[in-house]
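A.B. asks: The structure is given below, and queries will be raised subsequently.
The values are calculated or read from the model by the stated rules, or taken from the named source; none is laboratory data. Fair warning: this is a prediction, and the values are worked out from it, not measured in the lab. Please note: Cβ atoms are built from the backbone with ideal geometry, for glycine as well, and neighbour counts cover all protein chains shown.
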Amino acid sequence: MSTYSATIRWQRNGAAFTDQRYSRAHEWHFDGGAVVPGSSSPDNVPLPYSDAAAVDPEEAFVAALSSCHLLWFLHLAAKAGFVVDHYEDCAGGVMARNAEGKLAMTLVTLRPRANFAGERLPSRADIEALHHAAHEECFIANSVKSEVRCEPVF
């Protein structure tokens, strides 16, 4: 079993707060030292209370699925003897009401395009099989219906 962590930090910075006119901008801190600016989506909280340049949780969810798929695809392609030269995925997610009537990411569509190099090029069937296998192995895709716990610290 492996464990992973992220530390999310936000400061009020003197805003009144109870009037809902406070910045939603915050930071994501990761164990390797990376710091990523985060915010609510301007689709959910209007500017200037959101930071359009920051990553919002919905984008991060789509990116996590796409990134996990990419990493598995690269691994499986290399294992099969194919050389991937370039990979790009213009992934998208849809926020809508789920079966319980709650807003949720109800659909994420990955649109990966891989370019290959070398003498042994994969067929269309090979590429489809690699993507299918990558989807089956992707930790994040396998976790989408995972339990989420909230354990406040006092």
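A.B. asks: Could you figure out which of (1) under 28 Å from Asp43 (Cα atoms); (2) modelled with pLDDT under 95; (3) not aromatic (Phe, Trp, Tyr) isn't true of Glu151?
C.D. replies: That leaves (1) as the condition not met.
A.B. asks: Here's a follow-up. Is it true that some residue in the stretch 75-84 is at pLDDT below 95 and in contact with a helix residue (DSSP H, G or I) (Cβ under 8 Å, 6 or more places away or on another chain)?
C.D. replies: No, there is no match, as no residue in the stretch 75-84 is at pLDDT below 95 and in contact with a helix residue (DSSP H, G or I) (Cβ under 8 Å, 6 or more places away or on another chain).
A.B. asks: Can you tell me which of (1) within 20 Å of Glu136 (Cβ to Cβ); (2) at pLDDT below 95; (3) of a type outside the set (Lys, Arg) is the one Ala6 doesn't meet?
C.D. replies: (1)
A.B. asks: Across the stretch 81-136, which residue is surrounded by the most Cβ atoms within 10 Å (Cβ to Cβ) among those that are over 23 Å from Pro57 (Cα atoms) and of a type in the set (Asp, Glu)?
C.D. replies: Out of the qualifying residues, it is Asp126.
A.B. asks: Taking strands (runs of 3 or more DSSP E) that fall entirely within the stretch 1-72, which contain at least 2 residues that are at negative phi and buried (at least 16 other Cβ atoms within 10 Å of the Cβ)?
C.D. replies: 26-30
A.B. asks: I've got another one for you. Within the group Leu121, Leu103, which residue is hydrophobic (A, V, I, L, M, F, W, C) and either within 26 Å of Ser41 (Cβ to Cβ) or assigned by TED's automatic domain parsing to the domain that holds Asn44 (or both)?
C.D. replies: Result of the check over Leu121, Leu103: Leu103.
A.B. asks: In the list Arg120, Arg111, which residue meets the criterion of being of a type outside the set (Gly, Ala, Ser) and over 23 Å from the mean Cα position of the chain (by Cα)?
C.D. replies: Arg120
A.B. asks: Against the condition hydrophobic (A, V, I, L, M, F, W, C) and over 22 Å from His132 (Cβ atoms), how does Val83 come out, does it pass?
C.D. replies: No, not satisfied.
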